[in-house]
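A.B. asks: Below is a structure I'd like to ask you about.
The values are calculated or read from the model by the stated rules, or taken from the named source; none is laboratory data. Predicted, not measured: the structure shown is a model, and the values here were computed from it. Counting neighbours? That spans all protein chains shown, and the Cβs are built from the backbone with ideal geometry, glycine included. These area figures cover heavy atoms from the full protein model, side chains too; ligands, DNA and RNA do not enter into them. Shrake-Rupley method; radii C 1.70, N 1.55, O 1.52, S 1.80 Å.
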Amino acid sequence: VQLQASGGGSVQAGDSLRLSCTISERPFYGHGMAWFRQAPGLEREFVANIRWNIDLTEYIDSVKGRFTISRDNAKNTVYLQMNSLKPDDTAVYYCAATYSLPIGTRALQYDYWGQGTQLTVSS
């Protein structure tokens, strides 16, 4: 199983960007997917997750109201729409997939990871 993340880049504070992550397993038999991020010198941090077959999402407090996680089951793809970006959002963003329940916020709960995509937000 492979995850391919894309969509990162360099933007200004206040801009928007959408990340995409496609999973190679078709159909995807897992229970959910998530986005994590890791800034230089910091630990990997949970950002958002989404259940694959029901409408249930979870976000870290710092992105609530600004970020939206969604999925397209037909395309085996999960998205992270990021609005009102801040310099603190600068990090490498990773997508992850889990085959276990409950899906959660810890990296150890996820079985497969994408390669990461860099987001840089300038003030």
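A.B. asks: From VAL47, VAL11, VAL78, which residue is under 15 Å from VAL121 (Cβ atoms), assigned to a strand (DSSP E or B) and free of Cβ contacts under 8 Å to residues at least 60 places away in the same chain?
C.D. replies: Of VAL47, VAL11, VAL78, the one residue that is under 15 Å from VAL121 (Cβ atoms), assigned to a strand (DSSP E or B) and free of Cβ contacts under 8 Å to residues at least 60 places away in the same chain is VAL47.
A.B. asks: Scan the range 14-30 for residues that are in a loop (DSSP other than H, G, I, E, B) and buried (at least 17 other Cβ atoms within 10 Å of the Cβ) and jot them down.
C.D. replies: Just the residues of the range 14-30 that are in a loop (DSSP other than H, G, I, E, B), to begin with: 14-16, 24-30.
Result: PHE28, GLY30.
A.B. asks: Do you know which residues across the range 100-110 are in a loop (DSSP other than H, G, I, E, B), more than 14 Å from the chain's Cα centre (by Cα) and either buried (at least 16 other Cβ atoms within 10 Å of the Cβ) or not small (Gly, Ala, Ser) (or both)?
C.D. replies: Those that are in a loop (DSSP other than H, G, I, E, B), more than 14 Å from the chain's Cα centre (by Cα) and either buried (at least 16 other Cβ atoms within 10 Å of the Cβ) or not small (Gly, Ala, Ser) (or both): LEU101, PRO102.
A.B. asks: Follow-up. ARG66 fails exactly one of the following numbered conditions: (1) among the charged types (D, E, K, R); (2) under 15 Å from TRP35 (Cβ atoms); (3) touching a residue at least 60 places away in the same chain (Cβ under 8 Å). What is the number of that condition?
C.D. replies: Here ARG66 clears every test but (3).
A.B. asks: In the range 40-51, is there at least one residue being within 13 Å of MET82 (Cβ to Cβ), out of contact with any Pro (no Cβ under 7 Å at 6 or more places or on another chain) and among the aromatic types (Phe, Trp, Tyr)?
C.D. replies: Among the residues of the range 40-51, not one is within 13 Å of MET82 (Cβ to Cβ), out of contact with any Pro (no Cβ under 7 Å at 6 or more places or on another chain) and among the aromatic types (Phe, Trp, Tyr), which makes the answer no.
A.B. asks: Before we move on, is ASP72 closer than 27 Å to GLU25 by Cα, surrounded by fewer than 15 Cβ atoms within 10 Å (Cβ to Cβ), touching a residue at least 12 places away in the same chain (Cβ under 8 Å) and of a type in the set (Asp, Glu)?
C.D. replies: Criteria not met by ASP72.
A.B. asks: Specify which of the listed residues (ASP55, ASP15, ASP61) is closer than 20 Å to ALA107 by Cα and acidic (Asp, Glu).
C.D. replies: Going through ASP55, ASP15, ASP61 in turn, the sole match is ASP61.
A.B. asks: Next up: Out of all the residues in the range 72-90, is one or more touching a Cys at 6+ places or on another chain (Cβ under 6 Å), under 20 Å from VAL1 (Cα atoms) and of a type in the set (Phe, Trp, Tyr)?
C.D. replies: Taking the range 72-90 and keeping what is touching a Cys at 6+ places or on another chain (Cβ under 6 Å), we get 78.
Next cut, under 20 Å from VAL1 (Cα atoms) only: 78.
So of that shortlist, the ones also of a type in the set (Phe, Trp, Tyr) come out as none.
Checking the range 72-90: not a single residue is touching a Cys at 6+ places or on another chain (Cβ under 6 Å), under 20 Å from VAL1 (Cα atoms) and of a type in the set (Phe, Trp, Tyr).
A.B. asks: Can TYR93 be described as within 17 Å of VAL1 (Cα to Cα), touching a strand residue (DSSP E or B) at 6+ places or on another chain (Cβ under 7 Å), surrounded by 20 or more Cβ atoms within 10 Å (Cβ to Cβ) and in contact (Cβ under 8 Å) with a residue 24 or more places away in the chain?
C.D. replies: The answer is no for TYR93.
A.B. asks: Now a separate question. Name, by its number, the condition in (1) open to solvent by 50 Å² or more (accessible area, probe 1.4 Å); (2) under 21 Å from GLY104 (Cβ atoms) that does not hold for SER10.
C.D. replies: Just one mismatch for SER10, condition (2).
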